[in-house]
Amino acid sequence: MYHLKNHMEDLVREALFDYLKQYPLKCMCERCQADIMAYALNRLPAKYSVSQEGEVFTFLENRNLTNQTKILAEIANAIQKIGNSPSHPVTDDHQTP
């Protein structure tokens, strides 16, 4: 059986978590993080693989500075759009991951 995987999801998730460690947002709940990831992923090219060899190649290919910069730029755009204006009222129970 083949396993279809979009590696861009992992790259965006990792970059977002690294960003949030340094620059906490008004709300850092799971919903806001998912909204930010979805916004960024919809603006980045998908990077799929179906084999272990393809997974390794895709993973390494997308670890370069150019791709990391594109990912961070889209995360920054998503944070401007979503992170500073959450889709829900900001309450105490919506401020932690």
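Here are the numbers:
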item: The range 50-75, residues that are under 14 Å from Leu11 (Cα atoms) and of a type in the set (Ser, Thr, Tyr); result: Thr58, Thr66, Thr69
item: Residue in the range 59-77 that is part of a helix (DSSP H, G or I), loosely packed, with under 11 Cβ neighbours inside 10 Å, among the acidic types (Asp, Glu) and free of Cβ contacts under 8 Å to residues at least 60 places away in the same chain present; result: no
item: Lone qualifier among Ser87, Ser49 - being touching an Asp or Glu at 6+ places or on another chain (Cβ under 7 Å), loosely packed, with under 11 Cβ neighbours inside 10 Å, touching a residue at least 12 places away in the same chain (Cβ under 8 Å) and on the phi < 0 side of the Ramachandran plot; result: Ser87
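No value in this document is a laboratory result; all are computed from the given coordinates. Remember, predicted model here, so these are calculated numbers, not experimental data. Cβ coordinates were reconstructed from backbone atoms using ideal geometry, including for glycine residues, and neighbour counts include every protein chain displayed.
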